[in-house]
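Written out below as structure tokens is the structure these notes cover.
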Amino acid sequence: MQQDPCSKWRQTNELCLKRGGWMETQFLFPSSSGTYCRSSTRCVFRSYNLLAVMYVGLIILIIRETAGVQVTGGNITVVQGGTIILPCKLTDTVESLTQISWQRRTREKPQNNNFFIIPAKNGPRFVDGQDNRFQFVGSVSDFNGSLQISRVTLMDEGVYTCIFTLFPSGNYKAEITLNLLGMTTRWNKIICILCLVCVCVCVCVRERERERERERERERERERERERERERERERERERERERERERERERERERERETCFYRLSCMLTYLCTITPPVPPVTSLKDNCPVLGNVEASLVTCTAAGYRPSAEVMWQTGTLKEKVRTATNSTQHANGTTTTDSSLFGVPTREISQHQVQCVITSVALQKEETLPFTIQVYFSPREVTISHKSDDSFQCLSEANPPANFTWSRADGLWPKSAVAEGATLHFSSMTSDLNGEYQCEASNQYGRKYSYLYLHVPSGHCSACWTLFSILLFLIVFGAAAVWYRRTKYRGSETVSAGPIEEIRELAETT
């Protein structure tokens, strides 16, 4: 059995981490387990010398081309509080990507567990609690599962595992070790600033590249707009061609009309030259009484009977041209005359009901063509029956039907009160008394069916109203009596005052004398 080339590196890394150091690696090679390791390693302890600081912010991913599916990984070193990208990319595969998963084993969570998944269709999401410091910066369509970590802390240090799930082969993964480096010296800060400048330059370059890509996209959009304009122009050209075709069709129609005129002229000449006397047709229309439905039926039949010589029966349907069709049948009689029946067929719906059509009969035996107008009638049984309050003492029954419905009023108990009068659809009450109480039935019917509706009438008893009337009269009498008594008392007091006046005047005269 071949020894895994990464096993020795893992043991050295674990020993180095226990001693408080970090592993420096130089080259990346795939292992038999699907992970990647470096060819040369050494344990470097956290120090503040210039040599250790030079590796801050540098990302080295050298991928060797090997046969089969490859997943990139490696070691990453970052300054505490900084931002780093954990690179993870799948290459050399044509299989379908189902999901990208991230696992971690850090100082904060020593057990390896899933914390972030990126399904191929539904977008990324956290598994064990949301941490906004993690952000997916890769692309599912490019098999790029890179993850960005912001504000890195010491508790984030550890091993991160990137897993690609392919169909049908299964999982491919790579481990990325994240090492943390504290920086306190001035040189470290300078190098950190230089790294940030490099990052900014890279971002600017990337932004310029994106701007060029957006410009190319705008150019492609302008090209698509020009293509749409060309398509609209082609559509307008096709519309003009259709208009020319319609004009040619109208010209052919006029040509057929001219041919019809020539045919009529030839028929008339034949008539003038023949010794057989012409017989004009007897025309008639027959309503076939179609019933409302969704099956095609005969609507009306136009008949030209017993004519000689030839005659032509046509229909003018107007807006119903696409909804009806004609069927014509001619019968030759022994006496040399002909009878032609032309029927109009269609689906009997409310849409074609009440539309007017015309049967046009042309014959050399007629001085002019004969036109028979007809209004299509679609017959149906009464629809929903409703009872409306026409006035205080009358009700009206309403229902839609063709032919119009006949209305019949009745009571459920069979007892018809004398004050109730039914006149067609109207039910009238000459006096509103309690003997009218009960359920009334309105029946709407024609030869195609019948429908019912019910009215329950309740009139309060008249004893209560009589009591209120007597009470009102009694109250009026009491008020009137009180007013009369008050008036008489007032008048009596006034008369006493007037009679006392002369006596007092006589007494005053006596005293003066």
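Throughout, read-outs are computed from the coordinates displayed, never taken from laboratory work. These figures come from a predicted structure and were not determined experimentally. All Cβ positions, even for glycine, are placed from backbone atoms using ideal geometry, and neighbour counts span all protein chains on display.
The label-point distance for Glu369 and Arg325, in a model that sets each label 7 Å from Cα toward Cβ, rounds to 2.3 nm. Exceedance of the 27 Å cut-off in Cα-Cα distance is limited, within the set Lys286/Lys368; Lys109/Lys189; Lys286/Lys323, to Lys109/Lys189. Considering all C-alpha pairs of the range 386-457, those separated by over 19 Å amount to 29%. What does the charge count near Val201 come to, summing +1 for each Lys or Arg and -1 for each Asp or Glu among other residues with Cβ under 12 Å from its Cβ? Net of charged neighbours comes to +1. Full extension of the segment from Lys121 to Asp435, taken as 0.36 nm per residue of separation minus the current Cα-Cα distance, would add 105.4 nm.
When each of the peptides 383-389, 113-119, 481-487 is scored by how many other beta carbons lie within 10 Å of its residues on average, the order from highest to lowest is 113-119, 383-389, 481-487.
When only the Cβ of Lys, Arg, Asp and Glu is charged (+1, +1, -1, -1), the dipole of the range 357-455 relative to its Cα centre reaches about 180 debye.
With a Förster radius of 60 Å applied to the beta-carbon distance between Val203 and Glu235, the computed FRET efficiency rounds to 0.85. Measuring nothing but how far apart in sequence close Cα pairs (under 8 Å, 6+ apart) lie, relative to its length, the range 386-457 scores a relative contact order of 32 percent.
Sorting the segments 364-372, 171-179, 278-286, 126-134 by their residues' average number of neighbouring beta-carbon atoms within 10 angstrom, most packed first, yields 171-179, 278-286, 364-372, 126-134. Centre-to-centre, using Cα atoms only, the range 69-122 and the range 280-355 are separated by 81 Å. The mean of 1/r over all distinct Cα pairs in the range 282-375, once inverted, gives the Kirkwood hydrodynamic radius of 13.9 Å. Label separation (Arg224 vs Phe262): 5.7 nm, computed from points 7 Å beyond Cα along the C-beta direction. Counted by Cβ distance under 13 Å from Lys89, the other residues give a net charge of -1, where Lys and Arg count +1 and Asp and Glu count -1. Peptides 80-86, 90-96, 343-349, 249-255 ordered by packing proxy, namely the average of other Cβ atoms within 10 Å per residue, highest first: 343-349, 80-86, 90-96, 249-255.
Here the spin labels are modelled as points 7 Å beyond Cα on the Cα-Cβ line, and at Asn335 and Arg254 they lie 4.4 nm apart.
Stretching Trp486 away from Asn112 to a fully extended chain increases their span by 123.7 nm, per 0.36 nm per residue minus the current alpha-carbon distance.
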